[in-house]
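The values are calculated or read from the model by the stated rules, or taken from the named source; none is laboratory data. Quick caveat, the model's predicted, so the values are computed rather than measured. Reconstructed Cβ throughout: ideal geometry from the backbone, glycine too, with neighbour counts over all protein chains shown. Areas reflect the complete protein model, heavy atoms only, side chains present, ligands, DNA and RNA absent. Shrake-Rupley method; radii C 1.70, N 1.55, O 1.52, S 1.80 Å.
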Amino acid sequence: METFNLEGHPFVELCDLLKHQGWADSGGQAKQLIAEGLVEVDGQVDTRKRGKIRAEQLVNFNGMKVVVKP
């Protein structure tokens, strides 16, 4: 499982997290993957493209997982 550091920020938007992790090549692709219901946050499908992902949340896409750290 990978980790993503918020580096003092209160949250990261879900579409931006997918881009940072390299799971999507662009913001448009990230938004499409989210809209198709392919991304889970804390075990639940999340279709909020700009959903705020906060510390200690777990994001899962296509068998890859990342936990967000403060």
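Values as computed for the structure displayed
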{"quantity": "Interchain or long-range residues, amide H under 5 Å from Val39's placed H", "calculated": "Asp46"}
{"quantity": "Length-normalised contact order of the chain in % [C-alpha pairs under 8 Å, at least 6 apart]", "calculated": "40 percent"}
{"quantity": "Charge dipole magnitude, Cβ of K and R +1, D and E -1 - the chain, Cα centre, debye nearest 20", "calculated": "160 debye"}
{"quantity": "Rounded accessible area per residue of the chain, 1.4 Å, Å²", "calculated": "59 Å²"}
{"quantity": "Accessible area of the chain belonging to carbon and sulfur atoms, whole % at 1.4 Å probe", "calculated": "45 percent"}
{"quantity": "Rounded to whole Hz, the Karplus (6.51, -1.76, 1.60) HN-Hα couplings of segment 50-63, x for glycine and proline", "calculated": "10, x, 7, 9, 10, 3, 6, 7, 10, 10, 10, 9, 6, x"}
{"quantity": "Kirkwood Rh, Cα atoms: Rg over Rh of the chain", "calculated": "0.91"}
{"quantity": "Protection proxy ranking of 3-10, 51-58 - average other beta-carbon atoms within 10 Å, highest first", "calculated": "51-58, 3-10"}
